[in-house]
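Asker: This is the structure, below, for whatever I ask next.
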Amino acid sequence: MRPWIRRTLFGLVSLVLAAAATFAGVIAFSTPTEVPRLAAGDTLMGVESWNRAEIPEVRRVVARDGAPLTYRLYPGRADRAVVLVHGSSGSSMSMHKLAQALQQAGATVYSISLRGHGGSGTINGDVSYHRQLDDDLVDFVQAIGLADPKIRRSLIGFSSGGGFVLRTASGLNRAQFDDYLAISPFIAQDSPTTRPASGGWVSVAVPRVAALSILDGFGLPWFQGLPVLRFATTAKPSENRTPVYSFRLAAGLQLARDWRAALGRIDRPTTVVVGSKDELFYAERYAPLLGELNPKISVVVEPGFGHLEMITDGKACAAVAQLWQKLR
């Protein structure tokens, strides 16, 4: 081999190794930073006044991998079922007031804890693969007996759970439900509806997310159990709180990377509702965005309510229940 060829090859190999080392370093050392605590991150408004005797006990079904999926049942009409999904870091208990409002409106409500939260799955803040939440939802519908065609099924979710509602409505499992209601939904990090750092609620390890997304794009699901999101709470991991998310859990909650096209695919009755004073998202930007991407999606702005008030304030919960009743 001629010396210049040898030198060229050596240089190329050195560049590849240096790039690989840099890439590995990004994955290893880019972590979500601590976020200044938000009071609402540790406790829900008004929770101290709740009648704890009214909160249903946790029930369980089993997913296809044998892991538990937990939920709370609020009985209502047998032919109208709502599967209710909590927001980021929460659990089924955080949706108690909204579940009661939907129950009073006639629904049988299944307030679920997504895998990685509230005792569902096996590891707080993590799943086994990033489409596992989609599979869990199918397993839950089957296990509870909601596949009966006589039952009208609604999927309702809040914040990150609202994003999961839109993910489901636009995805392969859209036929699992007849209609969808997303409350103050997280659409995407680069959506015009998202405030910087979601209003101070979340820290994102952006370099790590980018590196793992590149690997995932090549079909390499390596290191996806590493943390990429940290929320503004001092709460420790527990059955009621999930302060940190892995890459695959965060990815499994969100719309597809081409979220604009995904929203355009939604073809079942779908409503988005947000409080006008939302601190995490720009309420006034939902209607223009969704009107451009999919005019079939109805957008409602409830005046005077902040982010968490949409699931804790009695008037806001009643307004959401009324919107659900119109989804027919």
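The values are calculated or read from the model by the stated rules, or taken from the named source; none is laboratory data. Treat the numbers as computed from the prediction; the structure is a model and nothing was measured. All Cβ positions, even for glycine, are placed from backbone atoms using ideal geometry, and neighbour counts span all protein chains on display.
Asker: Testing GLY118 on (1) out of contact with any His (no Cβ under 8 Å at 6 or more places or on another chain); (2) crowded, with 24+ Cβ neighbours inside 10 Å; (3) assigned to a loop (DSSP other than H, G, I, E, B); (4) not charged (D, E, K, R), one condition comes back false. Which one is that?
Answerer: Here GLY118 meets the rest and fails (1).
Asker: Scan SER111, SER91, SER120 and give me the residue that is touching a Pro at 6+ places or on another chain (Cβ under 7 Å) and either of a type outside the set (A, V, I, L, M) or farther than 19 Å from GLY46 by Cα (or both).
Answerer: So the residue among SER111, SER91, SER120 that is touching a Pro at 6+ places or on another chain (Cβ under 7 Å) and either of a type outside the set (A, V, I, L, M) or farther than 19 Å from GLY46 by Cα (or both) is SER120.
Asker: What residue, of SER276, SER298, is modelled with pLDDT of 95 or more and in contact with a helix residue (DSSP H, G or I) (Cβ under 8 Å, 6 or more places away or on another chain)?
Answerer: That would be SER276, the only listed residue that is modelled with pLDDT of 95 or more and in contact with a helix residue (DSSP H, G or I) (Cβ under 8 Å, 6 or more places away or on another chain).
Asker: Considering every residue within region 292-313, establish whether at least one is closer than 22 Å to ALA81 by Cα, in contact (Cβ under 8 Å) with a residue 40 or more places away in the chain and among the hydroxyl-bearing types (Ser, Thr, Tyr).
Answerer: Taking every residue of region 292-313 in turn, at least one turns out to be closer than 22 Å to ALA81 by Cα, in contact (Cβ under 8 Å) with a residue 40 or more places away in the chain and among the hydroxyl-bearing types (Ser, Thr, Tyr).
Asker: If you don't mind, there's one more thing I want to ask. For region 248-302: of the residues being assigned to a loop (DSSP other than H, G, I, E, B) and among the small types (Gly, Ala, Ser), which is surrounded by the fewest Cβ atoms within 10 Å (Cβ to Cβ)?
Answerer: SER276
Asker: Which of the numbered conditions does GLN142 fail, given that it passes all the others? Conditions: (1) among the polar types (S, T, N, Q); (2) touching a residue at least 24 places away in the same chain (Cβ under 8 Å); (3) more than 21 Å from LEU280 (Cα to Cα).
Answerer: The single condition GLN142 does not satisfy is (2).
Asker: Identify, please: which residue in region 169-194 is of a type in the set (Phe, Trp, Tyr) and assigned to a loop (DSSP other than H, G, I, E, B) and is, among those, farthest from the chain's Cα centre (by Cα)?
Answerer: Residue satisfying both the conditions and the ranking: PHE177.
Asker: Quick one: would you say ALA143 is more than 16 Å from the chain's Cα centre (by Cα), assigned to a loop (DSSP other than H, G, I, E, B) and surrounded by fewer than 20 Cβ atoms within 10 Å (Cβ to Cβ)?
Answerer: Considered against the rule, which asks whether it is more than 16 Å from the chain's Cα centre (by Cα), assigned to a loop (DSSP other than H, G, I, E, B) and surrounded by fewer than 20 Cβ atoms within 10 Å (Cβ to Cβ), ALA143 comes out as no.
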